[in-house]
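Undergrad: Dropping the structure in here first, questions after.
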Ligand code: CTP
């Protein structure tokens with residue numbers, strides 16, 4: 001992305017300190033960052049901090065720099081506005097179209113994507129006034145993140161915790177890449193997503209594993225949750241991409257544990273996505289104690305057994321009515337291409353073999369896909385449709401996959417949970 005103009009609005013909440021990392025993310029990426037705190041925000045973080053981090057002057061008022069008409073100019077030229085923390089009061093003022101400080105005035109002139117990142121006590125988040133305000137903002141096209149659950153100010157815990165800066169930055173970057181990447185179109189859709197790699201134990205300290213970072217599956221869970229889906233993420237080993245806000249995370253180790261969770265959770269799912277890298281084989285025997293070197297001897301061979309094909313099993317479960325017959329099942333294919341065919345040939349054959357509705361085909365090997373932040377590939381549908389997934393961040397790829405998933409979910413945006 002070329003140098004973008006990013007406004008970071010800061011509301012008066014204790015989470016204001018966390019936004020400093022978001023400011024830094026955008027300045028380090030070379031963007032022009034304008035921080036617009038509310039007057040209340042300056043009770044939590046001082047103006048000097050915001051000025052030092054952004055490299056730009058910081059003002060709360062419409063009547064500063066009147067000659068430059070800052071509230072009009074800055075809002076108009078913005079490519080992205082992030083408001084974090086978005087307090088209940090700040091969202092209410094945005095809904096009302098108030099212009100009583102530089103931030104709300106700029107919101108009225110901005111025509112770019114706006115990302116509200118709420119942070120407040122659970123009661124405030126659940127209050128009908130806030131619920132209605134969030135709905136209004138979403139209805140006007142703004143993205144209002146669903147906050148995380150967890151520790152709030154003081155000793156209370158619950159929904160309302162501000163998502164982590166890395167997650168805010170990932171979604172902000174996504175909106176810079178693609179302004180319409182986060183519509184609220186999966187409201188009430190129940191989604192189960194597997195991610196990461198399985199580990200097949202050899203003894204209490206060793207396992208057979210793979211290079212999966214889990215980033216693509218986590219990006220899918222993050223974007224789906226922020227599009228309104230009720231997401232459960234079943235996670236094997238990852239490079240710790242950070243738990244997505246508003247997502248239930250279940251951790252597993254082996255392929256058989258993953259299979260157990262997936263077949264259980266899929267019974268209540270509208271969409272099942274298998275992005276985990278599942279080990280095809282596991283050691284037949286798991287030693288109770290650490291396997292020792294034998295004096296001067298050769299290592300003992302490892303006998304392997306074949307793991308269940310979880311994805312194919314889910315398709316069978318659906319065919320036999322154990323999971324909702326109208327559910328959408330998505331698989332992934334990591335391919336290198338070989339003498340028998342290219343990446344896409346193998347992908348097409350795999351789609352037929354597995355029987356799922358959609359298959360995301362990635363080229364892997366030589367630094368591609370595993371562990372990287374970017375990805376590219378194709379989305380193959382069982383009706384023969386093939387969509388190119390252009391090179392971009394895994395979050396961008398996730399948004400394109402979810403567009404197609406959303407078009408296949410029964411009744412479009414209507415939750416099928418009842
Ligand atoms: N998968 C699965 N269970 C397995 C192996 C893979 O559910 N035991 C799923 C993966 O999560 C992915 C899809 O099947 O969604 C394809 O995985 P991949 O490793 O590309 O294919 P394999 O089935 O292992 O086939 P091959 O190794 O022959 O390419």
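The numbers here are math on the coordinates, done by the rules we state, and not lab data. Fair warning: this is a prediction, and the values are worked out from it, not measured in the lab. In this analysis, Cβ positions are derived from the backbone assuming ideal geometry, glycine residues included, and neighbour counts consider all displayed protein chains.
Undergrad: What order, most packed first, do the peptides 355-362, 133-140, 385-392 have when packing is the mean number of other Cβ atoms within 10 Å of each residue? Walk me through the intermediate numbers first.
TA: Values: 355-362: 22.8, 133-140: 16.2, 385-392: 13.5.
Highest mean packing first, the order is 355-362, 133-140, 385-392.
Undergrad: Place a label point 7 angstrom from the Cα of residue 64 along the Cα-to-Cβ direction, then list the residues of the stretch 20-39 whose backbone nitrogen is under 11 Å away.
TA: Backbone N within reach: 35-39.
Undergrad: Okay, next question. Could you give the angle, 0 to 90 degrees to the nearest 10, between helix 128-139's Cα long axis and the longest principal axis of the Cα atoms of the chain?
TA: 80
Undergrad: Report, to the nearest 10°, how far helix 343-354 tilts away from the longest principal axis of the Cα atoms in the chain, using its own Cα long axis and a range of 0 to 90°.
TA: Its long axis makes an angle of about 70 degrees.
Undergrad: Between residue 28 and residue 326, how many nm apart are label points set 7 Å from Cα along the C-beta direction?
TA: 4.6
Undergrad: Please report 215, 292, 394, 18 as a ranked list, fewest other C-beta atoms within 10 angstrom at the top and most at the bottom.
TA: Values: 215 27, 292 8, 394 24, 18 19.
Least to most surrounded, the residues fall as 292, 18, 394, 215.
Undergrad: Using only alpha carbon pairs under 8 Å that are at least six residues apart, calculate the relative contact order of the stretch 231-321 and give it in whole percent. Walk me through the intermediate numbers first.
TA: On the way: 70 pairs, mean separation 24.4, N = 91.
Once divided by the residue count of the stretch 231-321, the mean separation gives 27 percent.
Undergrad: In percent, what relative contact order does the chain have, based on Cα pairs under 8 Å that are 6 or more apart in sequence?
TA: Numbers: 907 pairs, mean separation 49.7, N = 418.
Normalised by residue count, the contact order of the chain is 12 percent.
Undergrad: Taking 0.36 nm per intervening residue step and subtracting the Cα-Cα distance, what contour gain separates residue 304 from residue 136 on full extension? Please report the intermediate quantities before stating the final value.
TA: Values: separation 168, 0.36 × 168 = 60.48 nm, distance 5.64 nm.
Between residue 304 and residue 136, full extension yields 54.8 nm more.
Undergrad: A further question on this structure: Let me check I have the definition right: for the stretch 148-198, take the eigenvalues of the Cα gyration tensor, multiply each by 5, take square roots. What are those semi-axes in whole Å, largest first?
TA: On the way: eigenvalues 113, 63, 41 Å².
Equivalent-ellipsoid dimensions as semi-axes: 24, 18, 14 Å.
Undergrad: Let me ask something else. Grab the beta carbon distance between residue 292 and residue 383, set R0 = 45 Å, and tell me the FRET efficiency rounded to 0.05.
TA: Details: r = 55 Å, r/R0 = 1.23.
That pair, residue 292 with residue 383, gives E of 0.20.
Undergrad: Moving on. Report, in deg cm²/dmol and to the nearest 500, the calculated mean residue ellipticity at 222 nm for the chain, where each DSSP H run with n ≥ 4 adds -39500 (n - 2.57) and the sum is divided by the residue count. Write out the running numbers ahead of the final one.
TA: Working: 13 runs with 133 residues, N = 418.
Rounded to the nearest 500, it is -9500 deg cm²/dmol.
Undergrad: Give the dimensionless ratio obtained when the Cα radius of gyration of the stretch 35-178 is divided by 2.2 N^0.38 Å.
TA: Working: Rg = 15.1 Å, N = 144, 2.2 N^0.38 = 14.5 Å.
Expressed relative to 2.2 N^0.38 Å, the Cα Rg reads 1.04.
Undergrad: To continue, here is another question. What angle do you read, to the nearest 10 degrees and between 0 and 90, between the alpha-carbon axis of helix 165-177 and the longest principal axis of the chain?
TA: Here the helix axis deviates by roughly 80 degrees.
Undergrad: Oh, and also: Over all directions, what mean area does the Cα convex hull of the stretch 102-160 project, stated in square nanometres?
TA: On the way: hull surface 18.4 nm².
Answer in nm², one decimal: 4.6.
Undergrad: Under a point spin-label approximation (7 Å from Cα along Cα-to-Cβ), what is the residue 96-residue 122 distance to one decimal in nm?
TA: The answer from the label model is 2.9 nm.
Undergrad: Quickly work out the residue 205-to-residue 72 label distance, labels modelled 7 Å from Cα along the C-beta direction, and quote it in nm with one decimal.
TA: 7.1
Undergrad: While we're on this one: Compute the FRET efficiency between residue 111 and residue 239 as 1/(1 + (r/R0)^6), taking r as their Cβ-Cβ distance and R0 = 22 Å, and round to the nearest 0.05. Kindly include the intermediate steps, with their values, before the conclusion.
TA: Details: r = 37 Å, r/R0 = 1.70.
Taking R0 as 22 Å, the efficiency between residue 111 and residue 239 is 0.05.
Undergrad: At each listed q (0.12, 0.18, 0.21 Å⁻¹), what is the log10 of I(q)/I(0) that the Debye formula gives for the stretch 98-246 modelled as equal alpha-carbon point scatterers?
TA: -0.59, -1.15, -1.41
Undergrad: Mind listing the Cα extents of the chain along all three principal axes, in Å, largest one first?
TA: Cα extents, longest axis first: 79, 55, 44 Å.
Undergrad: I'd like the per residue volume of the convex hull spanned by the Cα atoms of the stretch 247-301, given in cubic angstrom. Could the numbers behind the result be given before it?
TA: Details: hull volume 7.3 nm³, N = 55.
Output value, Cα hull per residue: 133 Å³.
Undergrad: Please find the FRET efficiency linking residue 51 to residue 376, where r is the Cβ-Cβ separation and R0 is fixed at 35 Å, and quote it to the nearest 0.05. Working shown, then result.
TA: On the way: r = 39 Å, r/R0 = 1.12.
Using R0 = 35 Å, I get an efficiency of 0.35.
Undergrad: Ranking 407, 212, 393 by Cβ neighbours within 10 Å, fewest first, what do you get?
TA: Details: 407 11, 212 25, 393 19.
Lowest to highest Cβ neighbour count: 407, 393, 212.
Undergrad: For the stretch 313-410, what does the equivalent ellipsoid look like in terms of its semi-axes, each the square root of 5 times an eigenvalue of the Cα gyration tensor, given largest first in whole Å?
TA: Details: eigenvalues 112, 56, 26 Å².
After diagonalising the Cα gyration tensor, the semi-axes are 24, 17, 11 Å.
Undergrad: With an 8 Å Cα cut-off and a minimum separation of 6 or more residues, compute the relative contact order for the stretch 307-360 in percent.
TA: Numbers: 49 pairs, mean separation 21.6, N = 54.
Result for the stretch 307-360 is 40 percent.
Undergrad: Between the stretch 40-66 and the stretch 95-127, what's the alpha-carbon centroid distance in Å?
TA: Centre-to-centre distance over Cα atoms comes out at 17 Å.
Undergrad: Would you compute, for the Cα atoms of the stretch 23-94, the largest minus smallest coordinate along each principal axis and list the three values in descending order, in whole Å?
TA: Taking max minus min along each principal axis of the Cα atoms, the stretch 23-94 gives 32, 28, 23 Å.
Undergrad: How would you rank 397, 120, going from fewest to most other Cβ atoms within 10 Å of each one's own Cβ? Each step should come with its number before you reach the end.
TA: Details: 397 24, 120 27.
Fewest-to-most ranking of 397, 120: 397, 120.
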